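The values are calculated or read from the model by the stated rules, or taken from the named source; none is laboratory data. Because the structure is a prediction, the values reported are computed rather than measured. Here the Cβ is made from the backbone with ideal geometry for all residues, glycine too, and neighbour counts use every protein chain on show. Ligands, DNA and RNA are excluded from the accessible area calculation, which covers all protein heavy atoms including side chains. Shrake-Rupley method; radii C 1.70, N 1.55, O 1.52, S 1.80 Å.
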Amino acid sequence: MTTTSPAAATTDPPAPALPEPAPASRPRGRVRAASGGRRGNLASLVLGPAAVLAAFIGLWYGVSDGLLNEQQRFMLPPPHEVVRVGILDGKNFSSMMSALRLTCEVTFSGLAIAIVVGVIVAVAMSQAKWIENALFPWAVVIQTVPVLALTPVLSFFFGFALTSRIIVCVIIAFFPIVSNTLFGLQSVDRGMHELFRLHRTGRWTRLWKLQLPAALPSMFTGFRNAAGLSVIGAIVGEFFFKQGEPGLGTTLSVFTSRLEGERLWATTLTASLLGIAVFVFFGWLSRRVVGRWYQPKRG
Amino acid sequence: MTITHPGPADDAADTAAAADTAGASPDGAGATPALRFAGVRKRFRDGTVALVDTDLAVRPGEFVSVVGPSGCGKSTLLRIASGLEKATDGTVDVASAGVGYVFQDATLLPWRTVRGNVRLLAELEHLDAAERERRVDEAIGLVGLGGFEKHLPHELSGGMRMRTSLARSLVLDPSIFLFDEPFGALDEITRERLNDELLRMFVLRRFAALFITHSVAEAVFLSTRVVVMSGRPGRVKADLAVPFAYPRAPQLRYSPEFAALCGEVSHHLRSQD
Ligand SMILES: Nc1ncnc2c1ncn2[C@@H]1O[C@H](COP(=O)(O)OP(=O)(O)OP(=O)(O)O)[C@@H](O)[C@H]1O
Ligand SMILES: [Mg+2]
């Protein structure tokens, strides 16, 4: 989690959309996480990533000092240079912070819109098979369409500024929300459905009292994956739509063209931290909301 | 709690009176059945014929158990009685709208506490809040879950989950109860204890019950009548009255009469006709 992949993918969430086991497949009977295990995990939770971080920094120095010569070093300046120029320099730092603020704005608006629209679409699909058949292929298309191809259309209708950036972010974050929510809504036990049917429950009551709560764990999996993707979406959006105040994506492209390696890497790290922060936040929120009754299978 | 007895003669024949009537049908043969199947046939869309010519009636206050080989259509019978499934031919009369259905699985909502789960059906049926809470209290007391109201299903044993499921149905005070192997997944001791308690509730509430089980002893211990079904396609092969009076003591299980009746039921279950 603490590592930063050097290329375009600046956040760590793995392949999107593959949902975790649904609540329906929970093991029955007394299942409680061995309470000692959590504490014990804490050490490995900190030590493991720290060890990887150390190895990563070591590798970084190795590449920067060992493989690159003086002229090439701008591509990957050593970590202490990145920190000195990109972070400790007050002017650079404050401009990066204002870019971060703007990227956060795009990320959070995009993610919020994706969550609202995604959940509504998934709920609609869960209500009738024909709606699912009609919409799901298009959700896949949205997931797979190269954003690059959309830039002319988006800019024509929404201009080159904030709105288009947010739309790119929504497009990129959308699919895991739809697929995980739908999966969750459909994973409700048949017996539970029949119990509701016996009492002639209307579809809204059934949705509210049965399907949505049952779908929550899988919805949160989707939100968490989408949260990581929404940071990528915001940065990609800023990369293409540069009008108005710069975000992290805007400055990334500037530093790339100016060969300012130190600031480029400082910005990349910041973007990663943002991705990790939203990812961790949704993990925490999920535990708060469903942790009491839902224990995902661990290892 | 207002118990809606379908039969008019029922009020007099309340617990005490019924208890010392050592008869197979405590409410007399004249009462209109709470539940009646006549010539019921069920053929599924894929061509499987699950039931043929099934005739069966459960009168108010009767506890009828059904035993039969696996796959002979017992669950199908209950599903038809509850309206989850439609009969292909024949008639099914259900005297009351209030039918309680207890599944083999407890089918509890994992995010709701015991109390929340017990309350569920009362919510779905829009009972008024004060009445609902009163009934929830009563049902939780009746199944012996007092003190566990705040527990979540995953914190309960299988037996307690089943009690929660029972309490959930009891809240609506149904006059007809359908049970589909509710204790099949429990160990012997828990099962016997729940049998004792189910009978206590039966004596108290006098619902009509149709109870499916694989255990001959369970069927005989609980019922006023035991119905034996043939292999698929299922039909009623034998219908035996159980003469023991309610309330039944747990020790009844060790009596020779009990063993003899179990033997008879097993015999019918095994015979090839
Ligand atoms: N929806 C369905 N479509 C097709 N066949 C079905 C369906 N439901 C049940 N059956 C078949 O009908 C037959 C009777 O099923 P049912 O579940 O009623 O048996 P059962 O007596 O309850 O068995 P068990 O004791 O194992 O619970 C079985 O052969 C089953 O495979
Ligand atoms: Mg069955």
*asked:* Students often forget the sequence filter, so: which aspartates and glutamates lie under 18 Å Cα-Cα from residue B:86 once same-chain residues fewer than 8 apart are removed?
replied: A:194, B:46, B:53, B:55, B:180
*Got a number for the accessible area of residue A:65? Probe 1.4 Å, square angstrom, nearest 10.*
80 Å²
*Net charge of Cβ neighbours under 15 Å - reference residue A:118; Lys, Arg +1; Asp, Glu -1*: 0
*Once the other residues with Cβ under 12 Å from the Cβ of residue B:89 are scored (Lys, Arg +1; Asp, Glu -1), what is the net sum?*
+3
*asked:* For a test of the definition: using alpha carbon positions, the gyration tensor, and the 1.5 limit on a/c, classify chain A as rounded, prolate or oblate.
replied: oblate
_Cα-based helix-to-principal-axis angle, B:256-270 vs chain B, degrees rounded to 10_ = 60 degrees
*Determine the total buried accessible area between chain A and chain B, counting protein heavy atoms only with a 1.4 Å probe; round to the nearest 100 Å².*
2400 Å²
*State which helices in chain A qualify, where a helix is a whole DSSP H run, it must extend 18 Å or more along its own axis by its Cα atoms, and its mean Kyte-Doolittle hydropathy must be at least 0.5.*
A:35-61, A:90-127, A:129-144, A:162-186, A:212-240, A:261-290
_Per residue, in Å², the accessible surface of the protein assembly as shown once ligands and nucleic acids are set aside, probe 1.4 Å_ = 46 Å²
*Please give the net charge around residue B:218, taking every other residue with its beta carbon less than 9 angstrom from that of residue B:218, where Lys and Arg add +1 and Asp and Glu add -1.*
0
*For the Cα atoms of chain B, what angle does the longest principal axis make with the long axis of helix B:188-205, in degrees from 0 to 90, nearest 10?*
80 degrees
